[in-house]
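These notes concern the structure reproduced below.
The values are calculated or read from the model by the stated rules, or taken from the named source; none is laboratory data. On a predicted model such as this, the values are computed, not experimentally measured, just so you know. A quick note on method: Cβ atoms are made from the backbone with ideal geometry, for glycine too, and the neighbour counts reach across all protein chains shown. These area figures cover heavy atoms from the full protein model, side chains too; ligands, DNA and RNA do not enter into them. Shrake-Rupley method; radii C 1.70, N 1.55, O 1.52, S 1.80 Å.
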Amino acid sequence: MTATALAILVALAVDRLFGEPPARWHPVVAMGRYLGCTGARVAPTTGQTHRPWRVFLLGALAWALGATLVVVLAAGVV
């Protein structure tokens, strides 16, 4: 409980001191761009027919790759 409260206080202090990062460096914006880019390649577009299992599998792989990249980057920062 104490570690959680301390982590929240540190996060609030860092946010107060430095504020939000610019959009080009914000991790949520970066993940959204990545998923938008991969989604355009994976998801079927109008007029195209794809097998649903293939779209699901490729989407799951794209998501897993993105999540792995975020974990590796976070571990590198830490």
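Per residue, the solvent-accessible area of the chain (1.4 Å probe, heavy atoms of protein chains only, all protein chains present) comes to 87 Å². Compute the acute angle (0 to 90°) between the alpha-carbon long axis of helix 2-18 and the principal axis of greatest extent of the alpha-carbon atoms of the chain; round to the nearest 10°. Between helix and principal axis, roughly 80 degrees. Which percent of the accessible heavy-atom area of the chain goes to carbon and sulfur, probe 1.4 angstrom? Whole-percent figure for carbon plus sulfur exposure: 74.
Computed over the alpha carbons of the chain, Rg followed by Dmax gives 17.8, 56 Å. Nearest 10 degrees, 0 to 90: what angle lies between the long axis of helix 27-42 and the longest principal axis of the chain (Cα atoms)? Compared with the principal axis, the helix lies near 10 degrees. Residues in the range 56-73 carry Karplus couplings, in order, of 4, 4, 5, x, 5, 5, 5, 5, 4, 5, x, 5, 5, 4, 5, 5, 5, 5 Hz; the curve used is 6.51 cos²θ - 1.76 cosθ + 1.60 with θ = phi - 60°, and Gly or Pro positions show x. The distance between label points at L61 and V77 comes to 2.9 nm (points 7 Å beyond Cα on the Cα→Cβ vector). Rolling a 1.4 Å probe over the protein chains gives V72 an accessible area of about 90 Å².
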